[in-house]
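Nothing in this text is a laboratory measurement; each read-out follows from the coordinates by a stated rule. These numbers were taken from a predicted model, which means no experiment stands behind them. With ideal geometry, Cβ positions are generated from the backbone for all residues, glycine too; neighbour counts draw on all protein chains shown.
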Amino acid sequence: MTDSDEQIVDARVRGEMSCADMAMGAFDALADQASFVLVADHDPCGIRYMLQAERPGASGWDDLESGPELWRARITRTA
């Protein structure tokens with residue numbers, strides 16, 4: 001379940017933006033301790049690694065659903 005005020009970033013409907021660009025943009029817009037739910041049609045583990053590398057110590061990641069057709073993860077700005 002998600003908080004009713006929590007932003008949903010649905011990377012399945014990305015148009016010209018990549019899933020990574022959508023997720024990083026949404027992350028950078030978060031206030032401290034805020035989060036969003038990333039929804040994807042593929043395992044978004046690459047985005048987790050990108051956040052760890054490019055924003056070390058600033059993010060939290062909670063897997064909510066792990067495929068095979070739908071992946072959902074809550075991404076939180078921790079610092």
Subset of the range 1-56 [at positive phi and touching a residue at least 40 places away in the same chain (Cβ under 8 Å)] = Gln33
The one condition Asp41 fails out of (1) in contact with a Lys or Arg (Cβ under 7 Å, 6 or more places away or on another chain); (2) within 18 Å of Gln7 (Cβ to Cβ) is (2)
